[in-house]
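Step one of this worksheet: look at the structure below.
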Amino acid sequence: MRKTSAILIFAAIGLVSPAISRGQLTPAAGTGTRVVQQHLIGEVTATDSMTGQITIKTDAGASVVVTSNEKTIYRRLPPGQTSIEKAEVITRADVRVGDRVLVPGGASGASTAARQVIVMAREAIAAKREQEREDWRTRGTNGRVAAIDTTQKQLTVEARSREGAETLSVLIPANVRFRRYAPGSIRPADAVSSSFTEIRVGDQVRILGTRDGSRVTAEEIISGRIARLNGVVEDVNVSRREVTVKDSRSGRTMVVAITENATVRRIPAEFAAGLRARGEGRRRGGTQSSDGQAGERRGPRRDRTAQGGQDGQGGERQRAGGRGLQGMLDTLPQLQLAELKKGDAIMVTGTSEADDSRVTAASLITGDAEILQRFQRGGGRPGEMSPGLPGGVVGGSNEREP
C-alpha cells in the first residue's frame, strides 16, 4: 500500500505525468471483487474555511469540490520526495489557492469527507520547475535519432551546437526515464510515459544526462516525430476538423488534424509589414521597430549573444515583454477553423507517427506567405513551436521549458 502511495505521489505531486489520472485497486465493500478507486489530482482554485470544502481544477480541466472534516489528514510533501513518510502534517488552513494536491479516492467528488489530502505548495512547485529548467539548460542535449542499437541499447544522435554538427552516442542505463511527445503537443510538459522500443529513427530527441566528449549517458529521453510544414490550403473539412495542405517544400499533400487544443492564429497585414520592415532594418545594419522606424545601431553579434544567452536570441526575447517574436505571436488574433479557406498560406507545427502524410497540429498560423516562408527558413522561430531542438532540425531551437 505504501509503495503504491509513493508511486501516486511521485506521479501526481512530483509532476512526472500530470495529464494522467491514476487509479488504485481496492476491495469493494462486502464483496471479494476489487474496483478501481480513482484519485483526484489537480490544483486548488478555492477553499472555504466555513464548510471545509476545497475546489480543485483537475489536469483534465474539470472542477471538483472535495469535502473535508476534522478527521481529514493533511500532509505537505517536499518536491522530489516519493515517500509519504517524508510528508509534513499540516492543517486545512495551510492549504492555499495554487497548491497542487492529490486526494486518494476523491475523483468522484463524493459527499463523504476525504480521508487524506496530500499537498505540494505552489512555491515548491515553482522552485522545482526552475531547477529542472536549469538542469536541462546545462545538461540537455538535443538532436535527431540517426540509428538505434537494440542489442547494446544505444542511440546514435545527430546534434547541432554552436560549434557545428556532430554525432553522439547515447548510452541508456536501466533506470532511464522515457517520455514521448503527446499527439498535437510539442511541449515537454505534456509528454507522456514511453519506452525505448517506441523510439524510431528520425525522431527528434531531448536527452538529459552526463556528457563525456561524444558520449552521453542518459537519465531522461523525450522523443517524438515533430512535423513542420509550410504550404497552401487545398481543402478545409470543419466537421472533421481537418485541413488538406500542399507542402511547398516537398510538394506532398498532407492532412492536418486540428484538435481543440491547437493554436490557430492569423498574421494581420500590418504585423507582416512590421516584420518585413524590421528585416530590412537588420540588412541595413540597424534595428527597425515593428512600425518601420529605424533605431539604434546594434553592436557586434558576439556582444548580443553574451547579453542574451547561449542561443544568441536574447535581443529577440527581450522585446515584446521578454518573449520576443513569441510574445508578439501570442497577441495575434485567434482564428476559427471555418475562417480558413482554399488558397490560404499556412505554417503548421505538430506531431506525426508512422503515417508521415498526417500531422496533428500543435500550432497553425496563416497569413503573409513571405513571412511564413521566412519562419520556415529559420529567420524567426516562434517559441511555441519549439520542442527545444537544435537549429537546423525541424522544430526550432529555443529551450523554454524542460
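The values are calculated or read from the model by the stated rules, or taken from the named source; none is laboratory data. What you see is a predicted model, and the numbers here were worked out from it, not measured in a lab. No Cβ is skipped: glycine too gets one built from the backbone with ideal geometry, and neighbour counts run over all protein chains shown.
Taking the stated definitions as given, is E260 acidic (D, E) and either at pLDDT below 95 or more than 18 Å from K153 (Cβ to Cβ) (or both)? Yes. Looking at (1) in contact with an Asp or Glu (Cβ under 9 Å, 6 or more places away or on another chain); (2) free of Cβ contacts under 8 Å to residues at least 60 places away in the same chain; (3) not in a loop (DSSP other than H, G, I, E, B), which is the only condition A127 fails? The failed condition is (1). Within the range 265-274, can you find the residues that are surrounded by fewer than 19 Cβ atoms within 10 Å (Cβ to Cβ) and of a type in the set (A, V, I, L, M)? Correct list: A269, A272, A273. Filtering the range 122-136 to residues that are surrounded by 13 or more Cβ atoms within 10 Å (Cβ to Cβ) and either modelled with pLDDT under 85 or touching a Phe, Trp or Tyr at 6+ places or on another chain (Cβ under 8 Å) (or both) leaves R122, A124, I125, K128, R129.
Collect the residues in the range 59-100 that are at pLDDT 85 or above and either in a helix (DSSP H, G or I) or among the aliphatic types (A, V, I, L, M) (or both), keeping them in residue-number order. Answer for the range 59-100, where residues must be at pLDDT 85 or above and either in a helix (DSSP H, G or I) or among the aliphatic types (A, V, I, L, M) (or both): V64, V65, V66, I73, V89, I90, R92, A93, D94, V95, V97.
The residue that is farthest from V359 (Cα to Cα), counting only those in the range 229-271 that are small (G, A, S) and outside any strand (DSSP E or B), is A269. Taking residues in the range 59-80 that are among the charged types (D, E, K, R), and partners anywhere that are modelled with pLDDT under 85 and in a loop (DSSP other than H, G, I, E, B), the pairs with Cβ atoms closer than 6 Å and at least 6 places apart or on different chains are D59/P18; D59/A19; R75/A87.
Summed over the range 200-235, the residues that are in contact with a Lys or Arg (Cβ under 8 Å, 6 or more places away or on another chain), buried (at least 21 other Cβ atoms within 10 Å of the Cβ) and aliphatic (A, V, I, L, M) give a count of 4.
Examine the range 353-373 for a residue that is hydrophobic (A, V, I, L, M, F, W, C), over 16 Å from I258 (Cα atoms), at pLDDT 70 or above and more than 23 Å from the chain's Cα centre (by Cα), and state whether such a residue exists. Yes, the range 353-373 has at least one match.
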